[in-house]
Amino acid sequence: MIYLVEHFYSIQGEGRYVGTPSLFFRFGGCNMKCEGFGCIESTPNGTKVLGCDTVYAVNREHFLQNWIPIENPKELLNVLNLYDLPKKVDIVLTGGEPLIYANETIFIEFIEALIEDGHRVTFETNGSLGIDFERYPIYKKAVFALSVKLSNSNEAFSKRVRGDIINSIATNAKEAFFKFSIDANSIDLGLEEEISEIAAHAPNCDIYCMPLGGTKEEVEANTEPLIEFCKSKGYNFSDRLHIRIWDQNRGV
């Protein structure tokens, strides 16, 4: 079963295509918790849950009641008819972790239809789940934003850094780039070595660093130190434009 948490038409707020009008599909479920990011979300019954800034799309136990079960690719494709969209608008598949559904027939047929209609499809993925590019060649026509998690996520290295998978995606995809979430406190804790170790698995991929945070205040607190870090190391700084403008990460 595929679960859709939300969809919304906005601008891309992060990475290489920041500012690009995009239709987002946020899918439910993830293979990580990333509690080190320290974001707290209230559940429908008032329980506080710790995780990333989209914990409501990650934590199945507490948020499943708000996820929409999808049984047919047409249910997803019909979402495009709900908006007044430019022709061939960018489509961003995010989560949670959208690639937990990478082998699902519904998911694959949805992607095939989008790309056949001329949309650029971008996966926002943590880069830890493998894709069978030979069995499902449609993935070779997609863009992958590799948001590989750093140690500040509090996830185990062996779980969050899968060099073989990172290399496979970078080698087979139409386009791939790294996108790291970084807080000011992590900059002086071996961050350069950590990024370099990950990037070595896909040396031709550009590196974008963005300030960690689920609120405008948190993003702004991490921005200036991160800009200086990017300047010193030659990395690309990526704003989190949607949070800076709307002060939230949900449905904007």
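The values are calculated or read from the model by the stated rules, or taken from the named source; none is laboratory data. Quick caveat: nothing in here was measured; it's all calculated off a predicted structure. Cβ: placed from backbone, ideal geometry, glycine included. Neighbour counts: every protein chain shown.
Looking across the stretch 145-166, the residues that are within 8 Å of Ser128 (Cα to Cα) and in contact with a strand residue (DSSP E or B) (Cβ under 9 Å, 6 or more places away or on another chain) come down to Val148, Ile166. Candidates Lys33, Lys88, Lys48: the one that is among the basic types (Lys, Arg) and farther than 26 Å from Val148 by Cα is Lys88.
Note on the stretch 165-197: residues that are of a type in the set (Ser, Thr, Tyr) and either over 20 Å from Phe37 (Cβ atoms) or surrounded by fewer than 17 Cβ atoms within 10 Å (Cβ to Cβ) (or both) amount to 3. Being exposed (fewer than 15 other Cβ atoms within 10 Å of the Cβ), hydrophobic (A, V, I, L, M, F, W, C) and touching a helix residue (DSSP H, G or I) at 6+ places or on another chain (Cβ under 8 Å) is a description that applies to Phe157. The set of residues in the stretch 91-123 that are closer than 22 Å to Lys179 by Cα and in contact with a Pro (Cβ under 7 Å, 6 or more places away or on another chain) contains only Phe123. For beta carbons closer than 9 Å, sequence separation of 6+ or different chains, a first residue in the stretch 4-20 that is of a type in the set (Phe, Trp, Tyr) and a second that is in a loop (DSSP other than H, G, I, E, B) and at pLDDT below 95, the qualifying pairs are Phe8/Arg250; Phe8/Gly251; Phe8/Val252.
Which of the strands (runs of 3 or more DSSP E) contained wholly in the stretch 1-110 include at least 2 residues that are loosely packed, with under 15 Cβ neighbours inside 10 Å and at pLDDT 95 or above?
Passing ranges, in order: 68-70.
Could you list all residues from the stretch 111-140 that are part of a loop (DSSP other than H, G, I, E, B) and of a type outside the set (Gly, Ala, Ser)? The answer is Asp117, His119, Arg120, Asn126, Leu129, Ile131, Asp132, Phe133, Glu134, Arg135, Tyr136.
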